[in-house]
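Visitor: Mind looking over this structure? Questions follow.
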Amino acid sequence: MIPTPVGSSAPARAEHRDAAQQPQPVPAPAPADAVPFVRTVLALCAVGVLVVSQLYTVLPVLGRLADSWSTTTSAAGWTATAFGFGYASGFLFSGPLSDRFGRRRLIVTGLFLTALATAAVAAAPGLVSGCVIRVVQGLCAATFAPPAFAYIAERIEPARRITAMTWLTSSFLSAGVLGQVFSQWVAGLGGWRAVFLVCAAALSAGALLVRGVLAADRASVSSSALDAYRAMGRLLTRPSLVLLLLATVTLLCGFVAVYTGLQLVGPADLTDSPDTMLALRASSLPAMVLVPLLTPWLARLPAVRRVVAALLLAACVSLVGALLSRGGDTGVVLLGALLFILVFGIAVTAPALVEAIGSQAGPARGAAVALYTFALFIGASVGPQLVAALSGGLATVFAAVAGLLGVGAVLAALGHRVRS
């Protein structure tokens, strides 16, 4: 995902031979400037889970929101969409802002603002105000991911950057499960408003953690913010990259749609049992941990091949889920197994898409990552509305997700073919 610059060869044959026998130099980060790998990645991943989970915390409490705000459960689903649109849109601004004001400063400031907005959700008196606050919450939360990726690219030693990126990406995906598990547990103890108040306190603590762990910002050497948007515009003229971005939209759209479908139209023995639903949500967490551990082996495949294969795997699992749900044979254990494989496929796809898109961006990798994250969470925003638009039960949701992820695989394959 992040290229390692290679030193130039010497003009003399002997010097060339000696240089070939030595490790190629990398200009940045310098040894004195590199940051500790373990504590940096642990801190960023922990806070990443907190931030991204704000998209998913509403899913288990949609019914409670509907009762509190005197609306329908489907209408309450707009709170997820509102956050997602604000979150995705914020990525287009936070990258250039971090270039200008510094990575750590923007992350810390953004976390405190996100904490305030999260606490404000708990005070929302109705659906409209709740959605407006959720948009603001999403915009504030978007100040984390782009500067976090940029910080890793600048401060982690080059040999460990891909590993750090994979762990951070996996933490974002695991938030989709952890956020739901946490929300359901806290709501069962103190109601839906307690979910947002506890999250607000955790985000404030996360801001202090990041401030203590991350190194101080370097002096700003960024160019005009307009340069970033010009780079985005140039990238969007490349058909191959646009096809990969469209494939990215399908990824979290399918992921969120499945979990929303389980909450809204899942089998009665699941939706009527909070403990069973909690166990089902947690069952796919090991898949999130498995993917970073398998990264050295997965990386042997070209990124686009990983994308296509993993999306096809997820699509096939969704199709099996549709067929079994239509026949009424989906027990909780079987659903858990299907979700595990589905989430594994999605967790493999996400970092591979970052790598595939970044490889086509050249020096405009920052702009490419901003477009990637924008597309990723636009898809997450559409997920709940996809379920609301479908007339049918869980089988229909699984079938729609299978088609969606299959289209994503085709788009990624076409993007590779167009480029080659």
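What follows draws every value from the coordinates through simple rules; no lab data is involved. Quick caveat: nothing in here was measured; it's all calculated off a predicted structure. Positions of Cβ are backbone-derived with ideal geometry, glycine not excepted, and every protein chain shown enters the neighbour counts.
Visitor: Collect residues whose amide H, placed 1.01 Å from N in the peptide plane, falls under 5 Å from the amide H of Gly331; neighbours closer than 5 in sequence don't count.
Guide: Amide H neighbours of Gly331: none.
Visitor: Right, another one. In nm, to one decimal, how far is the Ala337 label point from the Asp217 one, both placed 7 Å along Cα→Cβ?
Guide: With each label point 7 Å from Cα toward Cβ, the separation is 5.2 nm.
Visitor: Mind giving me the FRET efficiency for Ala159 and Leu116? R0 is 45 Å, r the Cβ-Cβ distance, nearest 0.05 is fine. Don't jump to the answer; show the numbers that get you there.
Guide: Numbers: r = 39 Å, r/R0 = 0.87.
About 0.70, to the nearest 0.05.
Visitor: Still on this model: Residue by residue, what Karplus-based ³J(HN,Hα) values in Hz, rounded to whole numbers, does the stretch 356-373 have, using 6.51, -1.76 and 1.60 with θ = phi - 60° and x for Gly and Pro?
Guide: 5, 5, x, 5, 9, 8, x, x, 8, 5, x, 5, 5, 5, 4, 5, 4, 5
Visitor: Tilt of helix 103-122 relative to the longest C-alpha principal axis of the chain, in degrees (0 to 90, nearest 10)?
Guide: Result, in degrees: 10.
Visitor: If you take the beta carbon distance between Phe101 and Ala282 as r and set R0 to 41 Å, what does 1/(1 + (r/R0)^6) give as a FRET efficiency, to the nearest 0.05? Could the numbers behind the result be given before it?
Guide: Values: r = 38 Å, r/R0 = 0.93.
The pair Phe101/Ala282 has a calculated efficiency of 0.60.
Visitor: Per-residue HN-Hα couplings for the stretch 333-349, Karplus 6.51 cos²θ - 1.76 cosθ + 1.60 at θ = phi - 60°, whole Hz, x for Gly and Pro?
Guide: Going residue by residue, I get 5, 5, 4, x, 5, 5, 5, 4, 5, 4, 5, 4, x, 5, 5, 6, 5 Hz, with x marking Gly and Pro.
Visitor: Identify the residues of the stretch 81-116 with backbone N under 17 Å of a label point that sits 7 angstrom from the Cα of Leu208 along the Cα-to-Cβ direction, or state none.
Guide: Residues passing the 17 Å test: 108-116.
Visitor: Compute the separation of the alpha-carbon centres of the stretch 302-323 and the stretch 189-216 and state it in Å as a whole number.
Guide: One Cα centre to the other: 35 Å.
Visitor: Work out how much length Ala75 to Ala46 would gain on full extension: take 0.36 nm times their residue separation and subtract the Cα-Cα distance, in nm to one decimal.
Guide: Numbers: separation 29, 0.36 × 29 = 10.44 nm, distance 3.11 nm.
Answer, rounded to one decimal: 7.3 nm.
Visitor: Could you work out the helix-only [θ] at 222 nm for the chain, with each DSSP H run of four or more residues adding -39,500 (n - 2.57) and the total divided by the number of residues, to the nearest 500 deg cm²/dmol? If you can, show how the numbers build up before the last one.
Guide: Working: 19 runs with 331 residues, N = 420.
Counting only the DSSP helices, I get -26500 deg cm²/dmol.
Visitor: Given 0.36 nm per residue, what is the gain on full extension from Leu294 to Arg234 after removing their alpha carbon distance, in nm?
Guide: Here the answer is 18.2 nm.
Visitor: Give me the Kirkwood hydrodynamic radius of the chain, using the inverse of the mean 1/r over all pairs of distinct Cα atoms, in Å to one decimal. Show your work: numbers first, answer last.
Guide: Values: mean 1/r = 0.0456 Å⁻¹.
Kirkwood radius, the chain: 21.9 Å.
Visitor: Got the relative contact order for the chain handy, in percent, Cα pairs under 8 Å and 6 or more residues apart?
Guide: On the way: 674 pairs, mean separation 102.7, N = 420.
Contact order relative to length: 24 percent.
Visitor: Per residue of the stretch 60-75, what does 6.51 cos²θ - 1.76 cosθ + 1.60 with θ = phi - 60° give for ³J(HN,Hα)? Whole Hz please, x for Gly and Pro, Karplus curve as stated.
Guide: Going residue by residue, I get x, 10, 4, x, 5, 4, 4, 5, 5, 9, 6, 9, 8, 5, 4, 5 Hz, with x marking Gly and Pro.
Visitor: So how tilted is helix 225-235 from the main axis of the chain? Cα-based, degrees 0 to 90, rounded to 10.
Guide: It works out to around 80 degrees.
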